[in-house]
Every structure is written in C-alpha cells, then in structure tokens.
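Please read the structure below before turning to the comments.
Every number here is computed from the coordinates shown, using simple stated rules; none is lab data. Keep in mind that this is a model prediction, so the values were computed, not measured. Cβ sites come from the backbone with ideal geometry, for glycine too, and all protein chains shown count toward neighbours.
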Amino acid sequence: MKDFDKRVNSTVIDGHLHIEGIYNNKGEHFLNGFEEYRNTKGLKRLNIAALPSGKRDVANNILCAFYKLAHPQDFAHGGLTFKEYPVNPNEKTDMSPLTQYKELMEIGFDGIKLLEGKPQVHKVLGIPLCHEYFDEFYDAIEKDGTHLLFHVNDPEEFWDPDKASEEIKKLGWFYGDGTYASNEEVYRQIYAILDKHPNLKVTFAHFFFYSKQPQKLEALFEKYPNACVDVTPGGEMFVSFSENPEYYKEFFKKYSNRVLLGTDSTFPYSADDMMWICDRVYRYFATTDTLKSFNGCEITGIDLPNEFRENIFHKNFENRVGAEPKKINKEALKRYIEKYKHLIKEKDYLEEIERLTKELL
Ligand SMILES: [Zn+2]
C-alpha cells in the first residue's frame, strides 16, 4: 500500500460503484473486475449499484446479483426496470414498482438504486418521480427502512448553454435545449416525495448537486431526519469544497453522520482509474495535500479528524444498509431471470447471463 493510503487509517466501504460490461480490455471478467482496486486501496466492502433503466436494461440488475453471489462480502443495490418508455402509469402490469421492489428484496439486494432523477432517464420516463404510480413503492421502502440510493439532477451548469463544456455536450449531458425538465422542477418532484415520505432512508448521490448551495442541504438535513448524501464525484463538488475550506471542514464535522463515501468507479474502468478517483476522495478527507483533481482543478484536503472520518468512510453505510450484506437467494434470482430476460436488448448480455445461470445457479 502506498503512503497516503496509510494516512486514511480507517475501514472504508466504497458505497457507489457500477458494472457496465462483461470483460475489460485486459480480458478480465466483471466478476473479478474490482479485485485489484479493492486490494490496493484496502477497501473492506464494496456496494455495486445497478442501473437497469434508461439506455440500459434489466441485464444490469442480473449482473449485479451475480457479482454479489460471487462476492458475498459485498453489497448491491437493485433498480427498477421498465418495459417501455414513456412509462404508461395506467397499464395493468405484473412489473409495477412495488412488485419489482419485492422481487429485488427477495433476491437479496441490500437496497434500491434509482437513476431516474438523472435528466436523460427522467426525460424518457415521461412521468414525474412523484407520480402516484410510485406511491406504493416509496411507501414500502419507507416502512421497511430500506436504503435508497437516488441520483437526482446533475451539476447546474449542464442546463446553461454558456457554461456547459463541449465535452459535456458531446456526452449528451447538456439539458438546456428545452426538451428536459428544469433542474428546479426535478428538485420540486423530490421534495414532493420527501414531504409524503419524510422518513425515507434516502441517500442522494453526488451531494445532491448542492455543493454550491450547501445551505439548502443543511435545511434538507434538518427537515428530513433520514436523508443523507454521498460524496461520489461529481468532481465539481470537490472543487466547490476546496473553494470554501473553512465552511466545509465545519460542515463535515457537523454532518459527518449524513455523508457517505463513494467513487462511481465503473467496471470496465482500469484499476488505475478507479484508484485515482478514490485517492482524490481519500486525500480530501484524510490529508492536507494539494493535488491535481477533477476538471484539471487543484483541491486541498481538510484532514478531517478520525472520529468524523470514520462515519463518512464506513459507519454511516453500515448503519443505514447493514453491517453484513444479505445473501443471494438463488431460486428467487432464477425466477427473476426467467420473468425478465425477454427485456434484455443485447445478445452478449443475454448469452452471458444464460451461461452464468447454468454455472452458478
Ligand atoms: Zn453512479
């Protein structure tokens, strides 16, 4: 382990990872795709968040379930999938959000991931996130105390034609052309959900994109006792943190029980790329290093005292999701694959899932 890792001096759970492929360019399979990262960074546990909606499909839930089956020490969050877009909330279906939630819990997912607040997914969904179509689903999650990792919005400048970079536009992340809901409208829908379900155990990914207006986040924390955020880059947030070091050092002490660590590292990224991201997060919280960071900007660490760091690095995750991951129920996973595999769009994924079903279930 390198020197700066020793300075972290804490157990760490990376609470926000993804899988988006079967093999990486070194020919490693996704089931082994995080091992170098895990071992080098000394991570205790990982949490893989499935992304089965929007341009992706149900295959992503299934890959994450297989990952968890192969790595019983790790967590995974499953997501909702949709037969078609826009969603028809009046259609009678055997895959309502509540039904899917129950199926995912039965399989042994540790929580729910929703990407539906990300503008592209929100747009194709065609119904508001606070639509009554989702009511029973949010009710059940709230009642069960199930952890919900929720991606809502994106950095504000992605709506601004003058501020969104060419790179962002190329990625299809410019939302100011009038075809996307405004950033304010998406927040409005989320607050409507929280007002109806004030005890929802929700963690908003990427600091809820509030790093430039943290007072709003403080107000949210005060009003909704179970709402948290993760500090998964979104590099722009670390730049904002670094521009306001005194404020944020106090913020992270005061709210250390409301902040979770994650990196968004995604298989098939190389282990080096995963470690680079993790280093920025580690060194921001655990050192006073000044280092080149996201968007080419420099950030300086705040060396948060260990008692607070421990909350962010692992304790909050354990308190909210559980100290031990749930076990995969093979029979439930088999039933889920049978029910949903006709919705898998890519032949490669379908073939791999059929192969893994024979081999592992
Ligand atoms: Zn993510």
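Quick look at the numbers
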| read-out | value |
| --- | --- |
| GluC sites (Glu not before Pro), loop per DSSP, at most 11 other Cβ atoms within 10 Å - longest free stretch of the chain | 92-361 |
| At R0 = 22 Å, FRET efficiency that the Cβ-Cβ distance of D162 and E243 yields, to 0.05 | 0.65 |
| Global form of the stretch 224-276, assessed from the alpha-carbon gyration tensor, a/c cut-off 1.5 | oblate |
| Gaussian network model of the chain, springs between alpha carbon atoms under 10 Å - residue of G262, G301, G172 with greatest fluctuation | G172 |
| Gyration tensor verdict on the stretch 3-328 (Cα atoms; rounded if a/c is under 1.5, prolate if a/b is larger than b/c, oblate otherwise) | rounded |
| For the stretch 292-361 and the stretch 78-148, distance of Cα centres in Å | 17 |
| Of K26/K163; K113/K347; K123/K339; K249/K292; K83/K201; K315/K339, those spanning more than 31 Å from alpha-carbon to alpha-carbon | K26/K163; K315/K339 |
| Fewest-first ranking of T203, T81, T357, T93, using other Cβ atoms within 10 Å as the exposure measure | T93, T357, T81, T203 |
| Distant-in-sequence amide H partners of L149 (H built 1.01 Å from N, under 5 Å) | I112, K113, L114, T203 |
| Two-site FRET efficiency, K358 against K6, from Cβ-Cβ distance with R₀ of 51 Å, rounded to 0.05 | 0.70 |
| Length-normalised contact order for the chain - Cα pairs under 8 Å, 6+ apart - percent | 22 |
| Gap separating the Cα centres of the stretch 170-195 and the stretch 16-62, nearest whole Å | 27 |
| F75 long-range amide H proximity, modeled H, under 5 Å | L46, N47, I48 |
| Cross-link reach list, lysines versus K41, counting only Cα pairs under 16 Å and skipping chain neighbours closer than eight places | K2, K6 |
| Integer Hz, Karplus 6.51/-1.76/1.60 couplings in order for the stretch 185-197, x for Gly and Pro | 5, 5, 4, 4, 5, 5, 5, 5, 4, 5, 5, 7, 10 |
| Computed lengthening from L291 to K92, 0.36 nm per intervening residue step minus Cα-Cα distance | 66.2 nm |
| Cut-off 20 Å (backbone N to label point 7 Å along Cα→Cβ of T179), residues of the stretch 116-144 | 116-129 |
| Distant-in-sequence amide H partners of L260 (H built 1.01 Å from N, under 5 Å) | V229, D230, V231 |
| Set of lysines with alpha-carbon distance to K169 below 16 Å, sequence-local pairs under 8 removed | K118 |
| FRET efficiency for N306 and N32, using Cβ-Cβ distance with R0 set to 25 Å, rounded to 0.05 | 0.20 |
| Gaussian network model of the chain, Cα within-10 Å springs - most flexible of N244, N61, N316 | N244 |
| Debye, to nearest 20: dipole size of the chain, +1 on Lys, Arg Cβ, -1 on Asp, Glu Cβ | 760 |
| For the stretch 251-312: rounded, prolate or oblate by the Cα gyration tensor [a/c cutoff 1.5] | oblate |
